[in-house]
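The values are calculated or read from the model by the stated rules, or taken from the named source; none is laboratory data. Values in this document were obtained by computation on a predicted structure and should not be read as measured data. Heads up, the Cβs are rebuilt from the backbone with ideal geometry, glycines too, and the neighbour counts pull from every protein chain shown. The accessibility values were calculated without ligands, DNA or RNA, using every heavy atom of the protein model including side chains. Shrake-Rupley method; radii C 1.70, N 1.55, O 1.52, S 1.80 Å.
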Amino acid sequence: MDLLDTLTAKGLRGEVPTREEALAVLATTDDELLDVVAAAGKVRRRWFGRRVKLNYLVNLKSGLCPEDCSYCSQRLGSKAEILKYTWLKPDQAADAARAGVAGGAKRVCLVASGRGPTDRDIDRVTDTMAAIKDADPEVEICVCLGLLSDNQAERLKAAGADAYNHNLNTSEGTYGDIATTHTYADRVDTVQKAHGAGLSACSGLIAGMGESDEDLVDVVFALRELGSDSVPVNFLIPFEGTPLAKEWNLSPQRCLRILAMVRFVNPDTEVRIAGGREVHLRSMQPLGLHIANSIFLGDYLTSEGQAGQADLDMIKDAGFEVEGAGEATLPRHRADVAEAAAGGGCGTAASACGSGGGCGPCGGHAHGAEAASPEAVAPQTQDGDELRSDLVKVRRRGAGTELAPNA
Ligand code: SF4
């Protein structure tokens, strides 16, 4: 297939495809799907070998957000029955982080709901990072606190943060359809502030919100131009109790095509499968590892992932290996570009945190996971997409609970 030969050749050289080529990946058929995965896999192995970077989420503050991001279970007016709690204490967050690192995570992602941090919140996160790095100085820390004001990125960098996550989520043209309390430009500004302060920039997208192929390509090219070192690809988890509860638009095949398109446009950038991995890729998750080089270990912000041990078993069974603390994530030439863009700052060759909403991979729905009756016909949306709300499970363990974290 000429398209895949072209994309592979470009990817191996670290070149970005044309917009038309990216759109063509999304338009491939199921008969072509394994060829698409194989082509993206060649590019992935060229720059990242068979390594899989594990990232671990700690939800520092859950729910009760004043913003109205329609995909998010923590949004203003959300009826989703998620955990709601205010700031974890530094030792509580450090305990959760330690579980993730013990499970194999190289990076800890500290996330808090909200429009953006106050200066007092920056102090809290500073104390939390100190507690985590006291226990393990090698761990990478990515922070995700929403929109940043002047000098906050610099303060986080000085306090030891390695990266900052803030997702663009969707195209500029459709951003107003998913949130009205802030703009796409606000999001771009925060990614630029983080990058400018020497933090590794992590910024990604959410697929499955009803967007067009053109929207997906727009946001992925925008992320490349923005210089994101890490691109988390979230697959919408349609929460009961949010405006997008009925948006079940994704199949495992569609998810693989989207991941492949993201990989071709970001051949030498960390591509992370983020929220929605278990819900939408399902038994096809191992194929996703042939395209992406990074995943979250264990649970998400407000939903539960598969058992951490299942993540590790999947990686091993698929012939991949967990990336070690001493290994660089990004290829050297890409890390040099990132550091130069950040003013020579970061000091880590690795990239940033990923997340599902603006503030992290949410996930979960209101009433958890009642098992579907085996006799039942799988319910469908009006467009014929299968509703798999049976796979969505609200997080009830780990940070903010008395139960041990999943790692
Ligand atoms: S994505 Fe972030 S800013 Fe938007 S509603 Fe959720 S927690 Fe608030």
Original post:
open to solvent by less than 10 Å² (accessible area, probe 1.4 Å), within 21 Å of residue 165 (Cα to Cα) and either touching a residue at least 24 places away in the same chain (Cβ under 8 Å) or in contact with a strand residue (DSSP E or B) (Cβ under 6 Å, 6 or more places away or on another chain) (or both), is that true of residue 226?
Top reply: no
**OP:** List every residue pair whose Cβ atoms lie under 7 Å apart, where the two residues are 6 or more positions apart in sequence or sit on different chains, the first residue falls within the range 66-93 and is within 14 Å of residue 179 (Cβ to Cβ) and open to solvent by less than 30 Å² (accessible area, probe 1.4 Å), and the second residue, located anywhere, is basic (Lys, Arg) and within 7 Å of the ligand (Cβ to nearest atom).
**Re:** 67/75; 67/115; 68/75; 69/75
**OP:** For the range 240-270, enumerate the residues that are part of a helix (DSSP H, G or I) and open to solvent by 10 Å² or more (accessible area, probe 1.4 Å).
**Re:** 252, 253, 254, 257
**OP:** Being open to solvent by 50 Å² or more (accessible area, probe 1.4 Å) and in contact with a Gly (Cβ under 8 Å, 6 or more places away or on another chain) is the filter here, so list the residues in the range 310-335 that pass it.
**Re:** 322, 333
**OP:** Give the residue that is farthest from residue 184 (Cα to Cα), with candidates limited to residues of the range 60-111 that are among the acidic types (Asp, Glu) and within 16 Å of the ligand (Cβ to nearest atom).
**Re:** 81
**OP:** Kindly indicate the residue of the range 152-173 that is open to solvent by 30 Å² or more (accessible area, probe 1.4 Å) and part of a helix (DSSP H, G or I) and also nearest to the ligand (Cβ to nearest atom) among those meeting that condition.
**Re:** 172
Subject >> Residue pairs meeting the criteria (Cβ under 7 Å; at least 6 apart or on separate chains; first in a strand (DSSP E or B), in the range 271-284; second among the hydroxyl-bearing types (Ser, Thr, Tyr)) >> reply: 271/294; 272/230; 272/294
Subject >> Residues that are open to solvent by less than 10 Å² (accessible area, probe 1.4 Å), more than 15 Å from residue 86 (Cβ to Cβ) and not β-branched (Val, Ile, Thr), drawn from the range 107-126 >> reply: 107, 109
**OP:** Scan the range 140-151 for residues that are part of a loop (DSSP other than H, G, I, E, B) and not polar (S, T, N, Q) and jot them down.
**Re:** 145, 146, 147, 148, 150
Original post:
Going by the conditions given, is residue 323 out of contact with any helix residue (DSSP H, G or I) (no Cβ under 8 Å at 6 or more places or on another chain) and at pLDDT 95 or above?
Top reply: yes
**OP:** Look at the range 77-113 and say how many of its residues are at positive phi and out of contact with any strand residue (DSSP E or B) (no Cβ under 7 Å at 6 or more places or on another chain).
**Re:** 1
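The rows are residues; the columns are (1) modelled with pLDDT under 95; (2) within 30 Å of residue 131 (Cβ to Cβ); (3) within 23 Å of the chain's Cα centre (by Cα).
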residue	(1), (2), (3)
3	no, no, no
6	no, no, no
47	no, no, yes
59	no, yes, yes
66	no, yes, yes
89	no, yes, no
Original post:
Right, residue 114: more than 16 Å from the ligand (Cβ to nearest atom) and either small (Gly, Ala, Ser) or part of a loop (DSSP other than H, G, I, E, B) (or both) or not?
Top reply: no
**OP:** For residue 237, work out the one condition from (1) assigned to a helix (DSSP H, G or I); (2) within 16 Å of the ligand (Cβ to nearest atom); (3) over 17 Å from residue 116 (Cα atoms) it doesn't fulfil.
**Re:** (1)
Original post:
Taking the range 182-205 as the search range and keeping residues that are open to solvent by less than 50 Å² (accessible area, probe 1.4 Å) and assigned to a loop (DSSP other than H, G, I, E, B), which one is nearest to the ligand (Cβ to nearest atom)?
Top reply: 182
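Just give me the residues in the range 133-147 being open to solvent by 10 Å² or more (accessible area, probe 1.4 Å) and under 23 Å from the mean Cα position of the chain (by Cα), in sequence order.
Of everything in the range 133-147, those that are open to solvent by 10 Å² or more (accessible area, probe 1.4 Å) and under 23 Å from the mean Cα position of the chain (by Cα) turn out to be 133, 138, 140, 147.
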